[in-house]
Amino acid sequence: MHWRTAQRGTRLLAGAAVLTLTALATAAPAAGPGGASLQELMQARDLSEADVTAALKTYMPTGRHDDYYIFASGGQGGQVLVIGVPSMRILKYVAVFTPEPWQGFGYGDESDQLLDSGNRHGNTLRWADTHHPALSETKGDYDGQFLFIGDKANARIAVIDLRDFVTKQIVKSNLIESDHGGTFVTPSIRAKLHALQRSGRTTVALSPREREVIRLIALGNSNKEIARLLGISPRTVDTHRSRSMAKLGLHSVAYLVRYAVQAGMVG
């Protein structure tokens, strides 16, 4: 998550809230909504001064802007959530990698083309696992211009324009084949894409035998079946599989199968 100053509104100070509460509690009862005073409301709901102070710390009247925004990754929803602070209201769901029916994102307009620009290896992608938001910077400080969000499942990055909170670009590269990728930005908004695997690998050199073992695994063959087909031992098959997964930074056979499909190794 990231925080950004909203540049509007007056910050709510905890001390001021306590002082205000004390003043209201000791003054003559003032009529509130429904004719009840503050003290009457506290008594009716069995609220202490600490309870009301806690409520004041997050209260933001309608029409006022929050002091900060949280940009939260939506995980497998493929979206980004914008949450106001201190109100903790969800202000917006930003559609990114997946269709969003409430806003019409991905339903017959230019947003279809945007989603298509994120397709990889000939596969239509309408799902994602959004993680690791990063804000653009100018001179080493957040500038509120762009938010970058990664799709850790399909090695893509989306660019959200914070002037209107709309996704404007989905960036992909055949040099990046990473499960659990992320984005880093330089101190002056020049975005850098970087794979967050331990080795920081981009291009991966697989041997012909390793590629053949991956292809046969993706087709559903067991180690014994692959060994028989290739004329090698099951232990050798397992060695090729382990080395391939280490090179690719993959941690399960399911990810290896998905890599084979995305790389065009199987139909």
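Read-outs throughout are calculated quantities, based only on the coordinates presented, and are distinct from any laboratory measurement. The shown structure was predicted, so the numbers you read here are calculated from the model rather than taken from an experiment. For neighbour counting, all protein chains shown are included, and Cβ atoms are generated from backbone atoms with ideal geometry for every residue, glycine included.
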**Prompt:** Among G122, V96, G144, which residue has its Cα positioned farthest towards the positive end of the charge dipole of segment 68-194, with +1 placed on the Cβ of Lys and Arg, -1 on the Cβ of Asp and Glu, and the dipole taken about the Cα centre?
**Reply:** G144
**Prompt:** When ranked by the protection proxy of mean other Cβ atoms within 10 Å per residue, highest first, what sequence do the peptides 131-141, 50-60, 86-96 form?
**Reply:** 86-96, 131-141, 50-60
**Asked** Long-range amide H contacts for N119: which residues qualify at under 5 Å (H placed 1.01 Å from N, peptide plane, sequence gap of 5 or more or a different chain)?
**Response** L125
**Item:** Eligible lysines near K168 by straight Cα distance, threshold 27 Å, same-chain separation 8 or greater
**Value:** K92, K139, K152, K192
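Length gain on complete extension for the stretch Q103 to W127, per 0.36 nm per residue less the alpha carbon to alpha carbon distance?
Details: separation 24, 0.36 × 24 = 8.64 nm, distance 1.69 nm.
My answer for the length gained is 6.9 nm.
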**Complete:** Length-normalised contact order of segment 68-194, Cα under 8 Å, at least 6 apart, in percent, tallies to 20
